[in-house]
């Protein structure tokens with residue numbers, strides 16, 4: 001009987017099964033996987049497909065590919081196929097997914113929801129000659145150069161992988177797998193390690209696209225004098241440096257190596273965290289719930305000029321110059337205007353103002369002692385999120401995504417789902433810190449504990465599951481947009497993915513969430 005493949009929706013939900021050749025003749029969407037095995041130095045094991053394969057024979061591609069059988073888990077199928085094709089067995093980690101629709105040889109069509117797995121192998125393959133004509137370990141820059149110079153010697157899905165994720169993304173997969181498989185150091189004898197009930201569970205997220213400590217340091221060297229100049233975080237400069245805002249910007253904005261542009265993202269997060277700390281969350285630094293609305297109302301004048309008659313201007317000017325948070329917001333917007341087109345500046349303002357609206361709602365919850373429903377909190381979190389930071393993706397990158405494209409419903413869905421995922425990650429990493437007296441008491445783990453009377457461990461696990469659900473929705477939304485996307489939109493979407501990956505990596509290490 002001919003092998004049956006699993007047919008799926010654009011979100012990878014099974015819709016049926018069909019015979020393998022029927023699937024490829026008719027271009028039916030089906031579930032597949034691609035495996036990338038690296039050696040410890042980061043070289044990728046390339047396979048040249050056997051000449052007798054039913055399509056793409058003789059072309060070079062990733063280590064191996066395949067399809068899960070009906071009723072077979074994708075991860076199990078990936079391990080099975082690694083053995084069948086290349087005679088290799090090592091721990092595989094899911095690192096990405098992609099949806100593509102491409103014509104291949106022999107009038108066949110590949111229309112796959114492709115799950116990408118990566119692993120690290122210490123041994124060479126023992127290739128099955130029916131599957132692989134040849135193999136070779138190659139460095140990623142060499143592969144990228146070959147794809148650019150001779151694309152037709154590579155399979156369409158492998159070229160698509162490098163186009164969509166880039167060499168930085170593929171290298172990030174190797175780095176992530178290496179970090180996960182590194183042997184932990186052994187604790188001293190007679191010492192019992194107890195996991196914190198607030199430990200963050202593993203989160204489903206792409207690996208960071210870039211880790212450049214020198215660039216992060218260069219950004220911080222410019223950021224710290226700016227913070228001191230505008231006056232936020234007085235007396236806390238060492239503490240702020242430990243927060244790693246330069247590293248945050250370096251990890252999230254991988255579309256440029258210009259420290260001056262990357263600095264803009266660091267200034268954004270510093271200014272907005274100052275709003276959060278001094279106005280909204282931290283009573284130890286002067287936050288008062290009843291003043292959140294009035295303070296944010298004045299902050300609007302720091303974002304966009306207010307045109308008053310002569311006799312009222314001195315009062316406004318005094319307010320804008322006398323509050324370090326407002327000084328920081330004005331200085332940040334001035335920097336945005338120096339890099340961005342008017343439509344981009346308007347977009348940045350809009351995202352911040354929308355966030356301010358939700359901050360006032362949260363203040364009302366505190367004043368009235370209200371606990372929002374989970375759906376209400378999650379809807380609120382979509383806006384009270386990192387959307388203002390995400391609005392800089394193309395500005396920092398040095399290009400302009402047109403306003404009508406940025407606001408198109410499908411593109412907006414990708415952006416807001418990314419924002420929701422990043423802020424739920426923030427809820428998880430900040431949960432322990434927010435148990436301290438005087439700090440804001442609204443985060444997803446705490447709300448779950450209240451609603452379900454569960455333990456911190458259970459609440460953290462459920463919150464991580466919510467994060468992962470949103471990430472899968474984000475991936476599906478991105479995959480729905482990509483086929484018809486312009487080169488400029490593809491660049492923006494890649495910037496969003498880079499931002500997602502960098503944001504989680506920063507949260508893992510930032511001193512902001514250490515207690």
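The values are calculated or read from the model by the stated rules, or taken from the named source; none is laboratory data. All values reported here derive from a predicted model rather than from experimental measurement. Neighbour counts run over all protein chains shown; Cβ positions are idealised from the backbone, glycine included.
Numbers at a glance
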item	result
Whichever residue in region 17-43 is crowded, with 21+ Cβ neighbours inside 10 Å and touching a helix residue (DSSP H, G or I) at 6+ places or on another chain (Cβ under 6 Å) and, among such residues, is nearest to residue 176 (Cα to Cα)	38
Residue within region 136-147 that is touching a strand residue (DSSP E or B) at 6+ places or on another chain (Cβ under 7 Å), modelled with pLDDT under 95, closer than 23 Å to residue 97 by Cα and in a loop (DSSP other than H, G, I, E, B) present	no
Filter result for the condition that a residue is within 17 Å of the chain's Cα centre (by Cα), in the same structural domain as residue 266 (by TED's automatic domain parsing), touching a residue at least 12 places away in the same chain (Cβ under 8 Å) and assigned to a helix (DSSP H, G or I), over 396, 357	396
Some residue of region 391-401 being surrounded by 16 or more Cβ atoms within 10 Å (Cβ to Cβ), out of contact with any strand residue (DSSP E or B) (no Cβ under 6 Å at 6 or more places or on another chain) and closer than 30 Å to residue 370 by Cα	no
Among the candidates 112, 85, residue that is under 32 Å from the mean Cα position of the chain (by Cα) and surrounded by 15 or more Cβ atoms within 10 Å (Cβ to Cβ)	112
Residue 233 at pLDDT 90 or above, more than 17 Å from the chain's Cα centre (by Cα) and on the phi > 0 side of the Ramachandran plot	yes
Hits in region 365-384 - residues which are closer than 18 Å to residue 296 by Cβ and in contact (Cβ under 8 Å) with a residue 40 or more places away in the chain	365, 366, 367, 381
Residue check, residue 47 closer than 15 Å to residue 125 by Cα, at pLDDT 95 or above and either assigned to a loop (DSSP other than H, G, I, E, B) or in the same structural domain as residue 142 (by TED's automatic domain parsing) (or both)	yes
Single condition residue 305 does not satisfy, out of (1) within 28 Å of residue 382 (Cα to Cα); (2) in contact (Cβ under 8 Å) with a residue 12 or more places away in the chain	(2)
Hits in region 427-446 - residues which are at pLDDT 75 or above and assigned to a loop (DSSP other than H, G, I, E, B)	431, 432, 442, 443
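Yes/no matrix, rows are residues, columns are (1) out of contact with any strand residue (DSSP E or B) (no Cβ under 6 Å at 6 or more places or on another chain); (2) at pLDDT below 95; (3) within 30 Å of residue 394 (Cα to Cα):
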residue	(1), (2), (3)
262	yes, no, yes
268	yes, no, yes
271	yes, no, yes
277	yes, yes, yes
287	yes, yes, no
290	yes, yes, no
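Each row is one residue, and each column tells you yes or no for (1) in a loop (DSSP other than H, G, I, E, B); (2) more than 26 Å from residue 172 (Cβ to Cβ).
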residue	(1), (2)
7	no, yes
10	yes, no
40	yes, no
54	yes, yes
71	yes, yes
78	no, no
81	no, no
90	yes, no
